[in-house]
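The values are calculated or read from the model by the stated rules, or taken from the named source; none is laboratory data. Since the model is a prediction, treat every value here as computed from it, not as a measurement. FYI the Cβ positions are ideal-geometry reconstructions off the backbone, even for glycines, and counts take in every protein chain you see.
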């Protein structure tokens, strides 16, 4: 290739296969494609599903708490929450103790949606053993912890 400089063989640090980021990027794209058809009948996108999972665990939540749990900034989360509010799944209100904070709660439709979403994890697992899924989940959690720590140092 004219104009490019490449290190030879496996020693090249810029080979796509040597990057940690690429398999994660590819996995994210594939996860979105896998969940899309399953979540579409529920009226949710994958990021909206993640918000609902957090709210089904505990609600209400502040936008800040949701963002911390999902590793999303408020600039990404706010439009997503506005769409979910328009769909009738969540409420958004100012915290009476601190008007700067926005509190997110579930509507009755958002609570009912949980019953309709119970099948999603089983559908995604598609017959895989619980042990294999758990092992993968723990490996990915460890990676997320490392990446979060690296981001906190910046």
Practice prompt. Name the residue, out of 17, 10, 95, that is modelled with pLDDT under 95, in contact with a strand residue (DSSP E or B) (Cβ under 6 Å, 6 or more places away or on another chain) and exposed (fewer than 15 other Cβ atoms within 10 Å of the Cβ).
Written response: 95
Worksheet item: Can you tell me which residue in the stretch 15-47 is farthest from residue 86 (Cα to Cα), limited to those that are within 16 Å of the chain's Cα centre (by Cα) and not in a helix (DSSP H, G or I)?
Response: 45
Worksheet item: Of the residues in the stretch 55-83, how many are in contact (Cβ under 8 Å) with a residue 40 or more places away in the chain and within 15 Å of the chain's Cα centre (by Cα)?
Response: 4
Discussion item. Residue under question is residue 5, and the condition is that it be within 23 Å of residue 72 (Cα to Cα) and either more than 16 Å from the chain's Cα centre (by Cα) or modelled with pLDDT under 90 (or both); does it hold?
Written reply: no
Item to complete: Might you check whether a residue that is at pLDDT below 95 and loosely packed, with under 12 Cβ neighbours inside 10 Å occurs anywhere in the stretch 77-92?
Response: no
Worksheet item: Only one residue in 44, 80, 39 is touching a helix residue (DSSP H, G or I) at 6+ places or on another chain (Cβ under 8 Å) and over 22 Å from residue 119 (Cβ atoms), so which one is that?
Response: 80
Discussion item. Yes or no: the stretch 115-130 includes at least one residue that is surrounded by 15 or more Cβ atoms within 10 Å (Cβ to Cβ) and modelled with pLDDT of 95 or more.
Written reply: yes
